[in-house]
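In what follows, a structure is listed as structure tokens, so that the remarks can point back to it.
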Amino acid sequence: MSRQDILETTRKGSIERRLFDQIELDRLPRHVAIIMDGNGRWAKGRGLPRVEGHRAGIASVRETVETCARLDVPVLTLYAFSVENWKRPRSEVDVLMMLLKQYLRLELSTLMKNDIRFQVLGRLPDLPPDVVSELEAGMERTRNNRGLLFNIALNYGGRAEIVDACQAIVDEAVAVGKTPTIDEAFFAEHLYTSGVADPDLLIRTSGELRISNFLLWQIAYAEIWVTDTLWPDFRTQQLFEAIIDYQKRDRRYGGIATKARSTA
Ligand code: FPP
């Protein structure tokens with residue numbers, strides 16, 4: 001997948017092409033993170049059961065992954081299932097797990113073909129064993145791919161991640177019998193995202209102005225873009241709009257203004 005594909009798959013004069021032409025390709029976000037929200041409302045608005053919103057959301061996942069790969073965005077993280085989502089009705093949780101398995105099974109060849117590496121962020125061992133084995137197979141198959149890093153946050157919580165990092169640091173210290181000196185870089189190495197750039201752009205769909213326990217450490221300086229579009233309606237157009245808006249922001253990091261960063 002390449003930027004050339006974007007030119008070939010978008011019609012000249014179409015909204016997507018006009019938006020694409022406005023994107024500065026040397027100043028893309030290094031990491032785009034998305035809180036996918038509004039599946040339930042999308043279904044309710046059509047008189048459908050909530051799970052139909054999740055099913056429809058898969059097409060948005062597919063298109064977003066493919067567009068990020070084509071653009072050459074280095075990292076995409078999608079928030080698919082939080083540690084709090086177990087409170088949902090059992091039937092809804094079961095459908096979400098089934099959709100995940102189905103997505104991976106159907107998309108693995110596309111991920112391979114496009115050099116996409118797939119990773120899970122979250123407490124993987126607490127997921128149902130059949131889901132874990134599907135996810136592990138997907139991670140193993142795509143391990144050596146060098147294009148887009150596609151993270152799915154699953155059974156994920158930002159606070160849980162910080163607690164897990166603390167536990168990992170304590171376990172290591174006990175194993176070597178030595179107390180480490182902890183600084184921010186050392187701490188970040190123990191997060192699920194160890195070695196991965198922090199998100200430059202955080203997108204949330206469906207208009208809610210909340211972080212919902214997502215990447216709490218990593219989004220310290222992320223630019224936030226919220227759209228009223230519900231996740232099942234999110235497409236390349238909205239992704240391009242988010243990137244264009246991101247590129248207009250002055251990023252200060254507590255200091256003086258700089259334009260949104262370059263991937264270089
Ligand atoms: C939020 O909508 C969405 C979710 C909790 C799940 C998102 C999952 C998918 C799109 C399917 C599987 C994902 C992958 C990566 C294959 P909501 O149900 O909270 O919507 P509401 O706020 O309108 O009720």
Point to revise | Criterion violated by Asp115 - all others in (1) in a loop (DSSP other than H, G, I, E, B); (2) within 12 Å of the ligand (Cβ to nearest atom); (3) acidic (Asp, Glu) satisfied | key: (2)
Exercise for review: Could you tell me whether any residue of the range 62-83 is part of a helix (DSSP H, G or I) and free of Cβ contacts under 8 Å to residues at least 40 places away in the same chain?
Suggested key: no
Check your understanding: Out of (1) buried (at least 17 other Cβ atoms within 10 Å of the Cβ); (2) within 14 Å of the chain's Cα centre (by Cα), what's the single condition that is false for Ala197?
Key -> (1)
Practice item. Can you run down the residue pairs with Cβ atoms below 9 Å, 6 or more apart or on separate chains, where the first is in the range 32-50 and within 28 Å of Asn151 (Cα to Cα) and the partner is near the ligand (Cβ under 6 Å from one of its atoms) and assigned to a strand (DSSP E or B)? Key: Ala33/Leu78; Ile34/Leu78; Ile35/Leu78; Met36/Leu78; Met36/Ala80
Exercise for review: Taking only the range 140-150 into account, find how many residues are surrounded by 15 or more Cβ atoms within 10 Å (Cβ to Cβ) and either assigned to a helix (DSSP H, G or I) or modelled with pLDDT under 95 (or both).
Suggested key: 2
Point to revise | Matching residues in the range 47-94 - criterion: being in contact with a strand residue (DSSP E or B) (Cβ under 8 Å, 6 or more places away or on another chain), within 8 Å of the ligand (Cβ to nearest atom) and under 15 Å from Leu230 (Cα atoms) | key: Val61, Leu78, Tyr79, Ala80
Study note, to complete from the structure: Picked from the range 151-185 (must be outside any helix (DSSP H, G or I) and among the aliphatic types (A, V, I, L, M)), the residue nearest to Leu104 (Cα to Cα) is Ile152
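Give Arg105, Arg117 a once-over and let me know the one that is in contact with a strand residue (DSSP E or B) (Cβ under 9 Å, 6 or more places away or on another chain), surrounded by fewer than 21 Cβ atoms within 10 Å (Cβ to Cβ) and either basic (Lys, Arg) or touching a residue at least 12 places away in the same chain (Cβ under 8 Å) (or both).
Numbers: Arg105 fails: in contact with a strand residue (DSSP E or B) (Cβ under 9 Å, 6 or more places away or on another chain).
Of the residues listed, the single one that is in contact with a strand residue (DSSP E or B) (Cβ under 9 Å, 6 or more places away or on another chain), surrounded by fewer than 21 Cβ atoms within 10 Å (Cβ to Cβ) and either basic (Lys, Arg) or touching a residue at least 12 places away in the same chain (Cβ under 8 Å) (or both) is Arg117.
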Exercise for review: Restrict the check to the range 31-41 and report whether at least one residue is basic (Lys, Arg), near the ligand (Cβ under 6 Å from one of its atoms) and over 20 Å from Phe214 (Cα atoms).
Suggested key: yes
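The values are calculated or read from the model by the stated rules, or taken from the named source; none is laboratory data. This is a predicted model, so every value here is computed, not measured. Methodologically, a virtual Cβ is constructed for each residue, glycine included, from the backbone with ideal geometry; neighbour enumeration extends over all protein chains shown.
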